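Scroll down for the structure; my scribbles are underneath it.
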Amino acid sequence: MNDPLPFRPAAKGTQPLHDTPAYGSTSKRHPNAPLLAFAHTLTETTGPRFAPAHFPALADLSVARGKSALGERIIVAGRVMDEDGRAVPNTMVEIWQANAAGRYDHPNDQHDAPLDPHFHGEGRVFTDAEGRYRFTTIKPGAYPWRNHPNAWRPNHIHFSLFGTGFAQRLITQMYFPGDPLLERDPIFLAIPERAARERLIARFDLGLTEPEWALGYRFDFVLRGRGATPMENT
Amino acid sequence: MPQATSQQTIGPYWHLILHPEWADLTRFGAAGEQITLTGRVIDGEGAPIMDAAVEIWQADPPADAHFPGFGRAPADDAGRFRFVTLKPGPVPGRGNAWQAPHLALAIHARGLLRPLFTRLYFAGDPRNEADPLLGAIADPARRATLIATPTAAATWHLDIRLQGAGETVFFDF
Ligand SMILES: [Fe+2]
């Protein structure tokens, strides 16, 4: 039997460190011992199979209980590819987010901002054959947190992706262009390379925007590639 | 060439995508040797991580329409999680090696900027002795952090300590 192709390690500076003092909650939650490196096996190179019949799509978050949510309606769409430029088809994409006022429909969120009975904030779709996904939602509000004095999270949508192998598991956040809170956010800034963190900022896309309906934001994902690192050409 | 998208923390409000039934991997009617997995997720001060998401993935039995091979469970107020699944068999390793029965675990929580990955093996399985990954951990006490112990019939328990004394072995994935 041939060995499965391992995933390549992340490019230097593109992933946050577990120990990031500016983000206080990391202090008691990061391992002290070095992480154990080993060659990927079938366990890491294969991943979950979600029969779509068992995991129904929730593509439109902008309507709940029969009425439109308050806030700015937006379309968030893009492609899921791997580092070798291959589309990742039929993979589950989950999102969750605060409402337009910056409040999560979650019992632990006690921010003094209104809940919206017509917004819950959970979405789930599968990519198509070309790796494309699309959600309709509302633009989430910024919200305060207690990491440091007067701390506010930039507007963001949480994303969860699976890919084809468990070592491609990706949990991330999508941000919005022009947000002044980004340069003050220790979670965003925990990614060492500026170019890498700026790839977490969606692009406004007039082509995706639907006239008299919703603004469009494009946000593409890249999952880890397999095999040896290809030679750099330039 | 494109670089893989950066990870960000799952945060404290991930329960919006929580469906408790996902913790039962047998719910679509998969047949086999059913087991319960329990454990706790604990921080560097021994406090429970109440907002953790624990995910399991197993390459065996092979995933199909009746068995997703994947589960997600929340930690409760005491940091406890619980899964029902099918007991995995051995899985091919690299070369001619075989791996002892195991599951992969991913831990997500507020304060984890990217997932922590580890594995769960089963105490007393003679195949553990020849498992390449367990064999790569020289210190028996460290190796033991990956080995679940039986606590009741068909029930196995493993605590996940993110930091400090008894810290779980996590992987550079
Ligand atoms: Fe958030």
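The values are calculated or read from the model by the stated rules, or taken from the named source; none is laboratory data. Computed from a prediction, not measured in an experiment: that's the story for all the values here. Ideal geometry is used to build each Cβ from the backbone, glycine not excepted, and the neighbour counts take in all protein chains shown. The accessibility values were calculated without ligands, DNA or RNA, using every heavy atom of the protein model including side chains. Shrake-Rupley method; radii C 1.70, N 1.55, O 1.52, S 1.80 Å.
In the set (1) within 11 Å of chain B (Cβ to nearest Cβ); (2) within 16 Å of the ligand (Cβ to nearest atom); (3) in a loop (DSSP other than H, G, I, E, B), the condition left unmet by A:A100 is number (1).
Being more than 16 Å from the ligand (Cβ to nearest atom) and within 30 Å of A:H18 (Cα to Cα) is true for just one of A:P180, A:P154. Which residue is that? Criteria check complete, one pass: A:P180.
On inspection, B:A23 does not qualify as more than 16 Å from the ligand (Cβ to nearest atom), more than 16 Å from the chain's Cα centre (by Cα) and of a type in the set (A, V, I, L, M, F, W, C). Here the stretch B:26-41 is the region considered, the condition is being in contact (Cβ under 8 Å) with a residue 60 or more places away in the chain and open to solvent by 10 Å² or more (accessible area, probe 1.4 Å), and the residue that is nearest to the ligand (Cβ to nearest atom) is B:R40. Summed over the stretch A:55-93, residues that are more than 21 Å from A:E210 (Cα to Cα), touching a residue at least 60 places away in the same chain (Cβ under 8 Å), surrounded by 15 or more Cβ atoms within 10 Å (Cβ to Cβ) and of a type in the set (A, V, I, L, M, F, W, C) total 6. Take the conditions (1) among the polar types (S, T, N, Q); (2) touching a helix residue (DSSP H, G or I) at 6+ places or on another chain (Cβ under 6 Å); (3) not in a helix (DSSP H, G or I); B:N128 misses just one of them, which is (3).
All of A:P144, A:P140 fail the test of being within 24 Å of A:L182 (Cα to Cα), within 14 Å of chain B (Cβ to nearest Cβ), surrounded by 18 or more Cβ atoms within 10 Å (Cβ to Cβ) and within 16 Å of the ligand (Cβ to nearest atom), apart from A:P140.
Every residue, every condition in (1) within 20 Å of A:H120 (Cβ to Cβ); (2) out of contact with any His (no Cβ under 9 Å at 6 or more places or on another chain), yes or no:
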site	(1), (2)
A:D60	yes, yes
A:V63	yes, no
A:A69	yes, no
A:V76	yes, yes
A:R79	no, yes
A:D82	no, yes
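As for the stretch A:159-174, it holds at least one residue that is open to solvent by 50 Å² or more (accessible area, probe 1.4 Å) and within 13 Å of another protein chain (Cβ to nearest Cβ).
For the stretch B:7-20, the tally of residues that are assigned to a loop (DSSP other than H, G, I, E, B) and more than 16 Å from the ligand (Cβ to nearest atom) stands at 1.
Filtering the stretch B:64-104 to residues that are within 11 Å of chain A (Cβ to nearest Cβ), more than 17 Å from A:G47 (Cβ to Cβ) and touching a Leu at 6+ places or on another chain (Cβ under 7 Å) leaves nothing. The requirement of being within 13 Å of chain B (Cβ to nearest Cβ), among the hydrophobic types (A, V, I, L, M, F, W, C) and within 15 Å of the ligand (Cβ to nearest atom) is not satisfied by A:A87.
The residue list A:D116, A:D109 contains one member that is facing chain B (nearest Cβ under 9 Å), in contact with a Lys or Arg (Cβ under 9 Å, 6 or more places away or on another chain) and in a loop (DSSP other than H, G, I, E, B), which is A:D109.
Residue pairs whose Cβ atoms lie under 8 Å apart, sitting 6 or more positions apart in sequence or on different chains, and linking a residue in the stretch B:89-101 that is closer than 12 Å to B:F122 by Cα and assigned to a loop (DSSP other than H, G, I, E, B) to a partner that is small (G, A, S) and open to solvent by less than 10 Å² (accessible area, probe 1.4 Å), are B:P90/B:A100. When residues in the stretch B:94-121 are screened for being open to solvent by 10 Å² or more (accessible area, probe 1.4 Å) and closer than 17 Å to B:G135 by Cα, 5 of them pass. Please name all residue pairs, on different chains or six or more residues apart, with Cβ atoms under 9 Å, provided the first residue is in the stretch A:11-39 and is more than 7 Å from chain B (Cβ to nearest Cβ) and at positive phi and the second residue is assigned to a loop (DSSP other than H, G, I, E, B) and surrounded by 14 or more Cβ atoms within 10 Å (Cβ to Cβ). Between residues of the stretch A:11-39 that are more than 7 Å from chain B (Cβ to nearest Cβ) and at positive phi and residues that are assigned to a loop (DSSP other than H, G, I, E, B) and surrounded by 14 or more Cβ atoms within 10 Å (Cβ to Cβ), the close pairs are A:G13/A:I191; A:G13/A:P192; A:G13/A:E193. Going by the conditions given, is B:A23 open to solvent by 10 Å² or more (accessible area, probe 1.4 Å), out of contact with any Phe, Trp or Tyr (no Cβ under 7 Å at 6 or more places or on another chain) and aliphatic (A, V, I, L, M)? Taking the combined requirement at face value, the residue does not satisfy it. A single entry from A:H120, A:H106 fulfils the requirement of being within 15 Å of the ligand (Cβ to nearest atom) and either open to solvent by less than 50 Å² (accessible area, probe 1.4 Å) or among the basic types (K, R) (or both): A:H106.
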